[in-house]
Amino acid sequence: MALESFWAGKSSEADLLQTAAALRAANWARQHALGISIIPSNDFSLYDQVLDTSAMVGAIPPSYGWTSGDVPLATYFAMARGAQDHADAGCGHPHHGHGMVAQEMTKWFDTNYHYMVPEFARDQTFALSSRKPIEEFEEAKSLGFHTRPVLVGPVTFLKLGKSHDVKFDPLTLLDRLLPVYVEVLQALAQHGADWVQIDEPCLVLDLDSVTRDALTHAYARFSAEVPALKIMLATYFGEIGDNLDTALALPVAGLHIDLKRAPDQLSQVAVRIRPDQVLSLGVVDGRNIWRTDLSGTLDRITPVVKQLGLNRVQIAPSCSLLHVPIDLGLETDLDPDVKDWLAFAVQKMSELATFGKALTQGRASVAQALSASDSAVIARDTSPKIHSAIVAKRMAGLAGARHSRKSAFAERAEIQRKAFDLPRFPTTTIGSFPQTAHVRNARAAFACGDISQDKYEDFLRAETAEAIRWQEEIGLDVLVHGEFERNDMVQYFGEQLSGFAFTKHGWVQSYGSRYVRPPILFGDVARPKEMTVGWWRYSQSLTKRPMKAMLTGPVTILNWSFVRDDLPRSIVCRQIALAIRDEVIDLEEAGARMIQIDEAALREGLPLRKSQWKIYLDWAVDAFRISSSGVEDATQIHTHMCYSEFNDIIDAIGAMDADVISIETSRSKMELLDAFRSYKYPNEIGPGVYDIHSPRVPEIGEMTELLTFARQRLADTQLWINPDCGLKTRKWDEVRPALVNMVAAARAIRAT
Ligand code: GLN
Ligand code: ZN
């Protein structure tokens, strides 16, 4: 809120900095009060930790106009969100002003957090340009807190970056970068820091020898040049695995391992850690919202503590608590049983303190906390709210079966072509139409009881009817209802499925000032009753053209939720798949002939290690096939995926066997269709011809050109024409002319 107000020019830089300092002070005080002994600093960011690191080392691309000295806040935010020319009223979208363009943003490892991608040039130089780690260490010190500063490690930082210079590996910049890190570490030591935490999560990835050598080189240099400062090298999000030799040989005083994601590495690391090193055990889940089984965890770690000695063991969250909501205490409406199984950041810190006390003063000193945790474990294990006999029976019935459509695609396509009688290059959209303030206000008014359900539904029906009428008018071939009734593509379904709970305040940072509130998938998933059939029936009743029914797929629902940890994700995904299958079958029975099952998040669920990809893709594809294979050959299954990398998962895309897939291609100039061509992908494809991330209205000529590129790669009979993704973030003034042009482009192509 402080950020938004500053960006809107409603408060000053001094106000913002003051609010930030107050937040930091409150966080330190809270951790201290909860009994945390190692309190971090420099873990606070005005936007993003990786961006902070770019500022710290002066990795500021020339386009931001910065040359030397401390990086000003204006430059920092220009990198984060772009900066508009004041002369240009602009569109309000930070990435498309005429002024400075924001840095690229991408997902932090396999989380749903996005970081600002550092940008390096071949002639890149570095210089200390933000003393934030030192300043915040001092700030904490002045409040009476001795902290352990956290830094993103130099090798992970370089590896996460990109360069416009071809054939140039940012890792070659390491020797130029290290002096800046050394300067920071020396300054921290001078200011009284005894430990720092340096995060090198790249250690859980598949690394080549160049990267491993870079790690060896960097940490040798730190230990030589700043010998007084102890380094806790943090790994998280997975198993160190084949990088363990490298990690253990580094001259660092401590190693942190993620024992939630990779519990099995404990025994090996505990045996092999050097006698001069401290081992930090990440036993409290930093990625998920479940309460820790305190007794069970103590049982597991006590032998390690005995073996290494108390002063060589630390207990920690598996990773930064950035990925979980702040305080469960704020949730007053959660089912009390479910609430008792959860722990958000504040509760997780108490758990850490309990571990500390149990290990130093004995379990009896925390008897109450342990028994509360034990009861929660038992209650959760045996709760009828989690286990459904009906779901178990259906799941058992699935075992081993291969889920396939009745006939192969070629036969289905034949049947569908006759049934639909669509023109060549049929036009459609991906599902949503603009979620205007008008729509959001009506939803908010309904949520707080200002308007009745009847009134709200009348409103939604009117919006839907208008969207359908307009689609007919401009001549789209396959229509959508616009998704006005949906708050979010996962939440909408979660709210209607059993096994899900929703928080009021469970916000998690997605990027910068953007937060999301993921559903909590706590129990067996089933679909008590139809979810979308009513809306589909209403929408189809308004038109003779085919109305696509619109569903979110099982893998996407899974990947965008906090998922129960008492079952493998593959099993949870199957349960969701069965629920979606039920809906698909009901839609077909109601008369739907085209059903789209979106799998926007399928790719982002890919494991960090390539060796685990196949296992994931196998069950993910299987889940999609379970959802989609219950229908007749004449029913056309669509899917949609909004990303632009298919080369490495094209086999899985093929195996999904959707009749039609729509994908994001406009920005890649259709190049990614090469993957489909070389795979000889047989089914139909709608490669996006309109970049919906931009407010720009594409010209007819641009779209026909893209279609020409598509036709060079695929057969005409395979091609559909559609935008890259749903249109919910756009304005009607942008969508109307863009889709009119898209239909014109289709007509132009048909005429050739
Ligand atoms: N049907 C959804 C929509 O149009 C798909 C969104 C997505 O894939 N992200 O909004
Ligand atoms: Zn999409």
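Once the piece of chain linking Lys418 and His387 is laid out straight, how much longer is it, given 0.36 nm per residue of separation minus the C-alpha distance between them?
Extending this stretch completely gives an extra 6.6 nm.
If eta is 0.890 mPa s and T is 25 °C, what Stokes-Einstein diffusion coefficient results for region 504-577, Kirkwood Rh from Cα pairs, in µm²/s?
164
In vacuo Debye scattering of region 585-692, one point per C-alpha: log10 I(q)/I(0) at q = 0.18 Å⁻¹?
-0.92
What spacing in nm lies between the two simple spin-label points modelled at Lys141 and Ala14, each 7 Å away from Cα in the Cβ direction?
The answer from the label model is 2.6 nm.
Show the residues, 5+ positions off or on another chain, whose built amide H is closer than 5 Å to the amide H of Lys230.
Trp195, Val196
Could you tell me what a quarter of the Cα convex hull surface of region 229-275 works out to, in nm² with one decimal place?
Mean projected area of the Cα convex hull: 3.2 nm².
Report the extension gain between Ala29 and Leu308 in nm, rounded to one decimal, defined as 0.36 nm multiplied by the number of residues separating them, less their alpha carbon distance.
97.4 nm
Report, in degrees rounded to the nearest 10, the 0 to 90 angle that the Cα long axis of helix 732-751 makes with the longest principal axis of the chain.
Here the helix axis deviates by roughly 60 degrees.
At 0.36 nm per residue, and after removing the present C-alpha to C-alpha distance, how many nm does the segment from Thr360 to Ser570 gain when stretched out fully?
71.7 nm
What is the Cα radius of gyration of region 198-245 over 2.2 N^0.38 Å, N being its residue count?
Taking the Cα Rg and dividing by 2.2 N^0.38 Å, one obtains 1.18.
Rounded to the nearest 20 debye, what is the charge dipole size of region 366-491 about its Cα centre when +1 sits on each Lys and Arg Cβ and -1 on each Asp and Glu Cβ?
Charge dipole of region 366-491: 760 debye, to the nearest 20.
Under a 5 Å amide H to amide H cut-off, with H placed in plane at 1.01 Å, what residues pair with Val689 once short-range neighbours are removed?
Under 5 Å from the amide H of Val689: Asn722, Asp724.
Provide the FRET efficiency to the nearest 0.05 for the Asp374-Ala396 pair, computing r from the beta carbons and using R0 = 35 Å.
The value I calculate is 0.70.
Holding the Cα-Cα limit at 21 Å, pick out from Lys159/Lys610; Lys339/Lys728; Lys141/Lys357 the pairs that are longer than that.
From the list (Lys159/Lys610; Lys339/Lys728; Lys141/Lys357), the Cα-Cα distance tops 21 Å for Lys339/Lys728; Lys141/Lys357.
Ala367 versus Trp507, label points 7 Å from Cα toward the beta carbon: distance in nm?
According to this spin-label approximation, the distance is 4.3 nm.
Evaluate E = 1/(1 + (r/R0)^6) for Ser63 and Tyr515, where r is the Cβ-Cβ distance and R0 equals 30 Å; express this FRET efficiency to the nearest 0.05.
0.55
How many percent of the accessible area of the chain is carbon or sulfur, using a 1.4 Å probe?
Ligands and nucleic acids excluded, carbon and sulfur reach 53 percent.
Sticking to Cα atoms, compute the Rg of the chain to one decimal and its Dmax as the biggest Cα-Cα distance, whole number, in Å.
Both quantities, over Cα of the chain: 27.2, 82 Å.
Which of the lysines could a cross-linker span from Lys680 if the Cα-Cα distance has to be under 23 Å and same-chain partners fewer than 8 positions apart are dropped?
Lys406, Lys614, Lys669
How far, in degrees from 0 to 90, does helix 345-361 lean away from the longest principal axis of the Cα atoms of the chain, to the nearest 10?
30
Residues with amide H under 5 Å of Ile39's amide H, sequence separation 5 or more or different chain, H placed in the peptide plane at 1.01 Å from N; which?
Amide H neighbours of Ile39: Arg148.
Highest first, please rank the peptides 465-477, 47-59 by the mean number of other Cβ atoms sitting within 10 Å of their residues.
Packing proxy ranking, top to bottom: 47-59, 465-477.
Equivalent-ellipsoid semi-axes (√(5λ), Cα gyration tensor) for region 617-752, whole Å, largest first?
Here the semi-axes work out to 26, 17, 15 Å.
How big, on average over all directions, is the shadow cast by the Cα convex hull of region 198-355, in nm²?
10.0
Largest first and in whole Å, what are the equivalent-ellipsoid semi-axes of region 272-354 based on the Cα gyration tensor, each being the root of 5 times an eigenvalue?
29, 13, 9
What is the spread of the Cα atoms of region 437-526 along each of their three principal axes, largest first, in whole Å?
For region 437-526, the Cα spread along each principal axis is 44, 35, 32 Å.
How far is helix 409-420 tilted, in degrees, relative to the longest principal axis of the Cα atoms in the chain, given as a value from 0 to 90 rounded to the nearest 10?
Result, in degrees: 50.
How high is the FRET efficiency from Ala189 to Phe168, r the C-beta distance, R0 41 Å, rounded to 0.05?
Between Ala189 and Phe168 the formula returns 0.75.
For the modelled label position 7 Å from the Cα of Lys614 along Cα-to-Cβ, which residues of region 546-587 have backbone nitrogen atoms closer than 19 Å?
570
Taking θ as phi - 60°, what are the ³J(HN,Hα) couplings along region 655-668 by the Karplus curve (6.51, -1.76, 1.60), each to the nearest whole Hz, with x for Gly and Pro?
The phi angles translate into 5, 5, 6, 5, 5, 9, 10, 10, 9, 8, 9, 4, 6, 8 Hz.
Under a plain spin-label model, where a point goes 7 Å from the Cα along Cα-to-Cβ, how far apart in nm are Asn487 and Trp7?
2.2
Accessible area per residue, 1.4 Å probe, Å², for the chain: what's the number?
About 41 Å² of surface per residue is accessible.
The values are calculated or read from the model by the stated rules, or taken from the named source; none is laboratory data. Since the model is a prediction, treat every value here as computed from it, not as a measurement. Neighbour counts are summed over all protein chains in view; Cβ atoms, including those assigned to glycine, are modelled from backbone coordinates with ideal geometry. These area figures cover heavy atoms from the full protein model, side chains too; ligands, DNA and RNA do not enter into them. Shrake-Rupley method; radii C 1.70, N 1.55, O 1.52, S 1.80 Å.
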